[in-house]
Amino acid sequence: MNLKQNAVRASKILLRNLELREQLWPGIESKLWHRKRNDGFTTMPRPMPEIMQIMDSLAPKGKPVSRVYLSLWCRVFDESMVVIQNEKEMAFEAGFTGQRAVTTWHSRMKNLVDIGFITTKSGSSGKYQYILILNPYGVIRKLNKMKKLSEELYIALFRRTQEVGASNDLK
């Protein structure tokens, strides 16, 4: 399929889904959040749940990293870089509270670096002030070649990438 055919197909699917939604929930449009009308959105791979599950499977037992990664992703723009000014705020956003919140966040950030999903540089605001988010598909592709992934999780991700037309990203 070429780009024009893809656009026509997507438009037909959109119209069909809007019609179905209106049938199921009449007049609901004003109560919905829409990325083109509302501010504060980000773009992320549709298989993000599978990507996050893979990350957590690679992290040390009992130390999931996916919430930290998601909070970083929700701050990133197209340059793939996040600048952290307040580590305590980042720790809170990732779900860590109390006296050890920043320490816990630091340990999860280190795990994300060790696994290979991010790379970091320190700055005047802390050890993790500058964060570069690497293409998660590339990281997973590499880890899979190194036989570090569960076959079950990799197949689940591959299946989902097929559904959304992104399977080439894993090749």
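Report note on the peptides 155-165, 106-116: ranked by the mean count of other C-beta atoms within 10 Å, highest first, their order is 106-116, 155-165.
Remark: the residue 88-residue 21 segment gains 20.0 nm on full extension, using 0.36 nm per residue and subtracting the alpha carbon distance.
Mean separation of Cα pairs under 8 Å and 6+ residues apart, divided by the residue count of the chain: what relative contact order is that in percent?
Details: 153 pairs, mean separation 33.0, N = 171.
This gives 19 percent for the chain.
Using Cα springs under 10 Å in a Gaussian network model of the chain, which residue among 89, 19, 50 shows the largest mean-square fluctuation? Of 89, 19, 50, the Gaussian network model singles out 19 as fluctuating most. Residue separation of residue 113 and residue 132 scaled by 0.36 nm, minus their Cα-Cα distance, works out to 5.8 nm of gained length.
Only lysine pairs 8 or more places apart or on separate chains count here, and in region 48-170 those with Cα atoms under 14 Å apart total 4.
The tail of the calculated P(r) for the chain, taken as Cα-Cα distances beyond 31 Å, holds 29 percent of the pairs.
Taking the Cα centre as origin and putting +1 on Lys and Arg beta-carbons and -1 on Asp and Glu beta-carbons, what dipole magnitude results for region 31-98, to the nearest 20 debye?
Values: 10 positive and 8 negative charges, 65 e Å.
Once rounded to the nearest 20, the dipole reads 320 debye.
One chain, two ends: residue 42 and residue 6. Fully extended at 0.36 nm per residue, the span grows by 10.7 nm beyond their Cα-Cα distance. Within straight-line reach of residue 36, meaning a Cα separation under 28 Å, sit the following lysines at least 8 residues removed in sequence or on another chain: 4, 12. Computed from the C-beta positions of residue 148 and residue 30 and an R0 of 41 Å, the FRET efficiency is 0.30 to the nearest 0.05. Placing a pseudo-label 7 Å from each Cα along the Cα-to-Cβ vector at residue 125 and residue 79 gives an inter-label distance of 1.3 nm.
Taken together, the values in this text are just the output of simple stated rules run on the coordinates, not laboratory data. Computed from a prediction, not measured in an experiment: that's the story for all the values here. Cβ: placed from backbone, ideal geometry, glycine included. Neighbour counts: every protein chain shown.
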